[in-house]
Amino acid sequence: MSESPSATSSPSRAPGTGDQGTARYAAQVVTHTGPAGINPVLLMAILYNESYKPHDPDLERAWQKIDPDASFGIANMHRAAFDDTKRGRDFAGRQWEELPDDPDLAIQAAAWYLHDLATQLPPNWPGPYTRDELLALGYNTGPGNMLAFAQGSTPGEQAQSYLDKLRDNWPGAETDVNGAR
């Protein structure tokens, strides 16, 4: 299987514009994806996908009071995913509540979450998706759905939209990552 999603259109926005400056995190993405064994372009494209909401710490905490299941940080990570991912890692002593204030922690946790998802993928799959596409779908919809997509299930409207955005963001993410190397 190919590593990168098949980009079918141009980026939905220029890197670093209209998204609270996501491109500025490219160096941290490169730093944290290496040890996790994850394609940095994948994580960068996911950060673009997740940049739909303002990542202001005070706003995130206010929203969390309304929606206790809300996600935190620039990678929009849920508490359960963070708590599962941090076990046995060098950030095990950190708390999910720190994510809004610490983009570096959010990127590190997202890289390792993608690593953990990758360990669940079978060595081969009949579905039409690349490894990176499946990992992005898993990031968005959870590991069970990721495995169903690997076996040929069709994503629903929201998951397909996430995948389409990932493909749109891929060229910009590639530019950002190459500029940070």
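The values are calculated or read from the model by the stated rules, or taken from the named source; none is laboratory data. All values reported here derive from a predicted model rather than from experimental measurement. Note: ideal-geometry Cβ built from the backbone for every residue, glycine included; neighbour counts use all protein chains shown. Surface accessibility is based on the protein's heavy atoms, side chains included, excluding ligands, DNA and RNA. Shrake-Rupley method; radii C 1.70, N 1.55, O 1.52, S 1.80 Å.
Brief remarks follow.
- Only DSSP H runs of four or more residues enter the estimate; each adds -39500 (n - 2.57), and after division by the residues of the chain the mean residue ellipticity at 222 nm equals -17000 deg cm²/dmol.
- The calculated FRET efficiency for Ala92 paired with Ala27, based on their beta-carbon distance and R0 = 22 Å, is about 0.40.
- Of all accessible heavy-atom area on region 37-139, the percent that carbon and sulfur account for (1.4 Å): 53 percent
- Given charges at Cβ of Lys, Arg, Asp, Glu: the chain dipole, positive-most of Pro57, Pro171, Gly93: Pro171
- Of Glu97, Glu60, the order by accessible heavy-atom surface (1.4 Å probe, DNA, RNA and ligands excluded), from most exposed downward, is Glu97, Glu60.
- Solvent-accessible area per residue for the chain (1.4 angstrom probe, square angstrom): 46 Å²
- Legend: translational diffusion of the chain by Stokes-Einstein, Rh = Kirkwood radius over C-alpha pairs, 25 °C, 0.890 mPa s; D = 150 µm²/s.
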